[in-house]
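Everything below concerns the one structure shown next.
The values are calculated or read from the model by the stated rules, or taken from the named source; none is laboratory data. Owing to the predicted nature of the structure, the values given are computational and were not obtained by experimental measurement. Cβ placement follows ideal geometry from the backbone for every residue including glycine, while neighbour counts extend to all protein chains displayed. To get the accessible areas, we keep the full protein, side chains included, count just its heavy atoms, and leave off ligands, DNA and RNA. Shrake-Rupley method; radii C 1.70, N 1.55, O 1.52, S 1.80 Å.
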Amino acid sequence: MFSLSSTVQPQVTVPLSHLINAFHSPKTTSISVSASASQNQHRDVVPEHEAPGNEPVLNLRDLGLSELKIGQIDQLVDSLLPGFCEGKSVSSHWHTSHVSAQSFFENKYGYLDMFTTLRSSCLYRQHSRTLKSICSDLQYWPVFIQSRGFKTLKSRTRRLQSTSERLAETQHIAPSFVKGFLLRDRGSDVESLDKLMKTKNIPEAHQDAFKTGFAEGFLKAQALMQKTNDSLRRTRLILFVLLLFGIYGLLKNPFLSVRFRTTTGLDSAVDPVQMKNVTFEHVKGVEEAKQELQEVVEFLKNPQKFTVLGGKLPKGILLVGPPGTGKTLLARAVAGEADVPFYYASGSEFDEMFVGVGASRIRNLFREAKANAPCVIFIDELDSVGGKRIESPMHPYSRQTINQLLAEMDGFKPNEGVIIIGATNFPEALDNALIRPGRFDMQVTVPRPDVKGRTEILKWYLNKIKFDQSVDPEIIARGTVGFSGAELENLVNQAALKAAVDGKEMVTMKELEFSKDKILMGPERRSVEIDNKNKTITAYHESGHAIIAYYTKDAMPINKATIMPRGPTLGHVSLLPENDRWNETRAQLLAQMDVSMGGRVAEELIFGTDHITTGASSDFDNATKIAKRMVTKFGMSEKLGVMTYSDTGKLSPETQSAIEQEIRILLRDSYERAKHILKTHAKEHKNLAEALLTYETLDAKEIQIVLEGKKLEVR
Ligand SMILES: Nc1ncnc2c1ncn2[C@@H]1O[C@H](COP(=O)(O)OP(=O)(O)OP(=O)(O)O)[C@@H](O)[C@H]1O
Ligand SMILES: [Zn+2]
């Protein structure tokens, strides 16, 4: 029995015209193909095969047909000519023939199941026909010349050439295996399927059925190929579009665009922003800064007025202050007041990895600005571009950038109408050359707002939301020492959000206090389950602080006491200075220490020495810090005198122990004072603790009511 091993890969060869012809034969009798007819005759039509001899043949692979599998050819022929090959004997010459392990159809179309489909449309029985017998038949059938062939991608190039050209070319330059290939192709032109069938005595009825079957197969294959080509074309189109998008995306990428911009010099890096809407009205609590900048506004409004008298205005103004204090806002307000263009640039924008990029951006920025004078150039984070010119691997080209900035600032006349405003949080970090006269020679400090400034800022932002008339911005301002404008804005915003979450129509003091505490101490931890014992200890601890604060003359007034856990704390008492304190007296410092001691003293007095808790550690930190500074910095210790001791580690052991002793005495005395007050006011202490356990939070007024022995209104 013939078998094809996977290691043998001969080629299926069949005269070209065998196949071509099939398409051109009239399908006159295709309908008449019937199982019974073919069954009766199939034995007769099986020819006895001869060796191929010199008959020209066409490689089926070239036709795109060589990958038809054995089974498929079997099935094909079987379906077209039922019983055609049944019982046919196996010729030995197939073992050395050009039969391929792959069928010619599958080679071309990569489609294995076409013949299964074909077969399913014909209700013929199946039987085990071998490829060998079919191919033998095909190989020796006579064919005639047919100019139109079935096209495969592989043969496309060759089709472009005429047959004669191909022949000549083949004879001269083609390698021998190609030559053989093409010659066989050409040779196949002289055969005809009809002739072959005639010589092999294939019954007429079978011939037509056979031809029709082939024709149908080829047509289906052709359609499939068309489909494949279409989808190939579509895929190519999609890939092309994706490629275009990819290229566009890469060009948009800052990494590449930076290089692009440097090489082309197209980088303008800045867009002027007209800042009419921001004026000095919008900047609160920085009156001095506004006054200083007022003259700059006048200059921008009317540069000529200043040149007449020969006066020179600074080219550069440096706004110095902590983050969020409104430096950017002030610079915008300057441009807005003068109604001139405002160019914003952040120092970090000039800080580039590539040589010359920062410098070229500065050049472009100034070129644009000069063309649009009068105007304001604002460089935020000036320290990141104008820091000291140190060699740093992090900023390899910073030198060039600063030099460019210096050159640009020198490059225009003082009265050209361009004002450069720089902002920094670290003026010390700036390169000295930047702050000499002629560059950023005017410094304006923008400090954190004082209590008046904070009140103004709070009012300004409160006016943008709905708030209850009972809200007193000053109380919030007093409790927000050290808050910047941006933080106060955030406080008001958080209060508004809280009111919205709670379904309130207006923001009240409660929400403002809430958001202040949240910013200062972290969010409330309502979910934390605290047992009664701990709650009681906390209530006595906090009321201990409150009692000391209430009964100590120089302590700050109480604002609030609470046993609501927040952030890392279990409760707290907040004290409010009447005003921002510029200085603190000895008595005030001692009072602060006493208030700190109040918590632990309360624990000791109420629960006993064995039940004191760890909750007082931060109170002691605070008290110790004050005592230490009194001794080493403020000259408030009689024993150590009016001397400062900055690095205590370098001091003699005697001095060190003297300092420690003094600190210890201060703390001990403070503890005793607190103990005395709590013992004296034990009743008030108890009342306040109980009120806290009932109400959780008490404000200043409520604390006063409780301490005066009155009853609190039920809330
Ligand atoms: N004095 C102020 N008056 C009104 N609003 C202020 C004030 N200070 C800050 N803000 C608010 O805070 C926002 C941030 O302030 P701004 O950006 O001007 O601060 P900055 O000092 O430039 O900060 P940074 O140093 O971080 O750049 C402002 O847009 C404004 O809404
Ligand atoms: Zn405490």
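From 675, 679, grab the single residue that is more than 16 Å from ligand 1 (Cβ to nearest atom), open to solvent by less than 60 Å² (accessible area, probe 1.4 Å), over 54 Å from the mean Cα position of the chain (by Cα) and under 23 Å from residue 547 (Cα atoms). Write out each step before concluding.
Numbers: 679 fails: open to solvent by less than 60 Å² (accessible area, probe 1.4 Å).
That would be 675, the only listed residue that is more than 16 Å from ligand 1 (Cβ to nearest atom), open to solvent by less than 60 Å² (accessible area, probe 1.4 Å), over 54 Å from the mean Cα position of the chain (by Cα) and under 23 Å from residue 547 (Cα atoms).
In segment 435-468, which residues are closer than 13 Å to residue 282 by Cα and hydroxyl-bearing (Ser, Thr, Tyr)?
461
Which condition does residue 666 not pass, out of (1) part of a helix (DSSP H, G or I); (2) surrounded by fewer than 19 Cβ atoms within 10 Å (Cβ to Cβ); (3) over 54 Å from the mean Cα position of the chain (by Cα), if it passes all the others?
Here residue 666 meets the rest and fails (2).
Let me confirm something: among 416, 368, 349, which residue is in a helix (DSSP H, G or I), more than 14 Å from ligand 1 (Cβ to nearest atom) and either touching a strand residue (DSSP E or B) at 6+ places or on another chain (Cβ under 8 Å) or at pLDDT 70 or above (or both)?
368
Just the residues that are more than 16 Å from ligand 1 (Cβ to nearest atom) and closer than 21 Å to residue 576 by Cβ, please, taken from segment 459-468.
Within segment 459-468, 467, 468 qualify.
Which of the residues that make up segment 686-715 are in a loop (DSSP other than H, G, I, E, B) and not small (Gly, Ala, Ser)? Working first, answer last.
If we filter segment 686-715 for residues that are in a loop (DSSP other than H, G, I, E, B), which is where we start, we get 696, 708-715.
Within segment 686-715, 696, 708, 710, 711, 712, 713, 714, 715 qualify.
From the list 626, 606, exactly one residue is crowded, with 17+ Cβ neighbours inside 10 Å, out of contact with any strand residue (DSSP E or B) (no Cβ under 7 Å at 6 or more places or on another chain) and within 21 Å of residue 481 (Cβ to Cβ). Which is it?
Working: 606 fails: within 21 Å of residue 481 (Cβ to Cβ).
After ruling out the rest, the residue left standing is 626.
Quick check, is residue 323 open to solvent by 10 Å² or more (accessible area, probe 1.4 Å) and at pLDDT below 80?
Judged against the criteria, residue 323 is not a match.
Please indicate, with yes or no, whether at least one residue in segment 302-314 is away from ligand 2 (no atom under 16 Å from the Cβ), open to solvent by less than 60 Å² (accessible area, probe 1.4 Å), within 24 Å of residue 432 (Cα to Cα) and assigned to a loop (DSSP other than H, G, I, E, B).
yes
Can you report the number of residues in segment 440-452 which are outside any loop (DSSP other than H, G, I, E, B) and buried (at least 21 other Cβ atoms within 10 Å of the Cβ)?
As a first pass, look at segment 440-452 and keep what is outside any loop (DSSP other than H, G, I, E, B): 442-445, 451-452.
Okay, now just the ones that are also buried (at least 21 other Cβ atoms within 10 Å of the Cβ), so 444.
The qualifying residues number 1.
Of the conditions (1) assigned to a helix (DSSP H, G or I); (2) outside the structural domain of residue 281 (by TED's automatic domain parsing); (3) more than 16 Å from ligand 2 (Cβ to nearest atom); (4) of a type outside the set (S, T, N, Q), residue 434 clears all except one; give me its number.
(2)
With the condition kept exactly as written, say whether any residue in segment 631-640 is in a helix (DSSP H, G or I) and either touching a His at 6+ places or on another chain (Cβ under 9 Å) or more than 16 Å from residue 549 (Cβ to Cβ) (or both). Write out each step before concluding.
Taking segment 631-640 first, the residues in a helix (DSSP H, G or I) are 631-632.
Checking which are either touching a His at 6+ places or on another chain (Cβ under 9 Å) or more than 16 Å from residue 549 (Cβ to Cβ) (or both) leaves us with 631-632.
Yes, some residue in segment 631-640 is in a helix (DSSP H, G or I) and either touching a His at 6+ places or on another chain (Cβ under 9 Å) or more than 16 Å from residue 549 (Cβ to Cβ) (or both).
From the set of residues in segment 609-619 that are open to solvent by less than 60 Å² (accessible area, probe 1.4 Å) and not aliphatic (A, V, I, L, M), which is nearest to ligand 1 (Cβ to nearest atom)?
Selected residue: 619.
Where in segment 458-572 are the helices (runs of 4 or more DSSP H), entirely inside, with at least 3 residues that are open to solvent by less than 60 Å² (accessible area, probe 1.4 Å), within 16 Å of ligand 2 (Cβ to nearest atom) and more than 30 Å from residue 679 (Cα to Cα)?
Working: elements: 473-478, 485-501, 509-521, 532-551.
Once the helices (runs of 4 or more DSSP H) in segment 458-572 are filtered for at least 3 residues that are open to solvent by less than 60 Å² (accessible area, probe 1.4 Å), within 16 Å of ligand 2 (Cβ to nearest atom) and more than 30 Å from residue 679 (Cα to Cα), nothing remains.
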